[in-house]
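Trainee: First the structure, then my questions, so here it is.
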Amino acid sequence: TLNLATGTGGKFNDVINDVRFGSLSAGVGLKEAAASTQELFESFGQFNSMTTKAQENIIRTTAELDRMGIANATTAKNLHISTKALGMNADEAMDVQRQIANEAIQLGLVPAQLANDFTSNLPKLVQYGNQSTHIFKELAAQSKATGMSIDSLISITQQFDTFEGAAKAAGKLNAILGGNLLNSTELLGATESERVDMLRQSISLSGKNFNEMGKFEKMAVASAAGITDMNEAAKLFGTSSE
């Protein structure tokens with residue numbers, strides 16, 4: 001099937017066999033190794049120019065991640081994005097995929113979902129370069145703690161990418177909470193995950209508890225932060241920094 005689909009004429013037969021014999025304990029057989037090879041060949045630009053040993057390593061890891069529920073297509077796509085957009089080499093990109101899977105397990109999240117979140121949100125974090133993965137993992141932890149999606153967290157914080165947006169939010173929240181709790185310049189220069197923490201901490205620094213606020217005060221806080229969904233506001237501001 002692989003040879004027919006890719007027209008490689010048995011080029012990867014030996015590599016696939018080596019992967020199979022080296023990964024039997026992980027449940028990776030001939031079929032799984034071949035499926036990973038095909039997806040990498042079709043979707044990961046660097047794959048065809050890699051050494052045989054490097055191909056074996058990346059096929060093995062991709063197949064093992066697939067056994068964890070992270071589809072071959074997702075891993076191949078993330079590898080391509082990481083090497084092209086972040087300038088990583090293949091080993092670094094593959095290590096990131098392992099980190100994401102391990103992070104999901106540690107946080108009690110579904111590995112496939114977190115890997116898909118990485119695919120969809122990396123373009124929004126790529127400006128941070130090598131720090132993108134670290135910031136993504138911080139957002140994953142905040143997502144688990146608050147019950148909000150990573151998409152929602154980034155959507156809230158991206159409004160602070162302009163000085164006007166940061167100044168407007170800081171000014172409104174400071175007025176409502178009664179103190180100089182948020183600095184617009186710091187909010188502008190912070191990463192997405194840092195902004196989430198700054199918003200949450202502004203409530204605790206004010207000495208107030210979001211869950212104990214009245215209806216209209218909660219609405220005012222949410223509006224100042226640019227949040228229209230009160231359920232999302234409750235998740236964000238009602239979660240402790242710990």
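Trainee: What number, in percent, do you get for the relative contact order of the chain if the mean sequence gap of Cα pairs under 8 Å and at least 6 apart is divided by its residue count?
Mentor: Once divided by the residue count of the chain, the mean separation gives 12 percent.
Trainee: Mind grabbing the accessible area of E232 for me, 1.4 Å probe, Å², rounded to tens?
Mentor: 30
Trainee: Pairs on different chains or at least eight residues apart, Cα atoms closer than 18 Å: how many lysine pairs in the range 69-224 fit?
Mentor: Taking the range 69-224 as the scope, the lysine pair count is 8.
Trainee: Find the Cα radius of gyration of the chain, compare it with 2.2 N^0.38 Å by division, and give the number to two decimals.
Mentor: 1.25
Trainee: If each of L205 and T228 carries a label point 7 Å out from its Cα toward its Cβ, how far apart are those two points in nm?
Mentor: Each label point is offset 7 Å from its Cα along the Cβ direction, giving 2.9 nm.
Trainee: If you don't mind, another one. So the label point goes 7 Å from the Cα of N116 along Cα→C-beta, right? Which residues of the range 65-82 then have their backbone N under 12 Å from it?
Mentor: Inside the label zone: 70-71, 74.
Trainee: Would you mind calculating the relative contact order of the range 53-185 from Cα pairs under 8 angstrom and at least 6 residues apart, reporting the percent as a whole number?
Mentor: Contact order relative to length: 15 percent.
Trainee: Under a no-solvent Debye model with one identical scatterer per Cα of the range 40-115, what's log10 I(q)/I(0) at q = 0.16 Å⁻¹?
Mentor: Debye intensities relative to I(0), on a log10 scale: -0.51.
Trainee: Follow-up. Once Rh is set to the Kirkwood radius over Cα pairs, what Stokes-Einstein translational diffusion coefficient, in µm²/s, holds for the range 90-130 at a temperature of 10 °C and a viscosity of 1.306 mPa s?
Mentor: 148
Trainee: Grab the alpha carbons of the range 32-174, take their convex hull, and tell me the volume per residue in Å³.
Mentor: Once divided by residue count, the hull of the range 32-174 is 101 Å³.
Trainee: Okay, next question. Apply 1/(1 + (r/R0)^6) to the Cβ-Cβ distance of Q159 and Q106, taking R0 = 25 Å, and write down the FRET efficiency to the nearest 0.05.
Mentor: Efficiency, from the Cβ-Cβ distance: 0.25.
Trainee: So what is Rg over Rh here for the range 31-74, counting just Cα atoms and using Kirkwood for Rh?
Mentor: Rounded to two decimals, Rg over Rh is 0.93.
Trainee: For D14 and N130, what is the calculated FRET efficiency with R₀ set at 41 Å and r taken between the beta-carbons, to the nearest 0.05?
Mentor: Working: r = 35 Å, r/R0 = 0.85.
With a Förster radius of 41 Å, E is 0.75.
Trainee: Okay, next question. Rolling a 1.4 angstrom probe over the protein chains, ignoring ligands and nucleic acids, what is the accessible area of D161 in square angstrom, nearest 10?
Mentor: That residue has around 80 Å² of solvent-accessible surface.
The values are calculated or read from the model by the stated rules, or taken from the named source; none is laboratory data. On a predicted model such as this, the values are computed, not experimentally measured, just so you know. Note that we place each Cβ from the backbone using ideal geometry, even for glycine, and neighbour counts take in every protein chain shown. Protein only, heavy atoms only, side chains kept; ligands, DNA and RNA dropped before computing areas. Shrake-Rupley method; radii C 1.70, N 1.55, O 1.52, S 1.80 Å.
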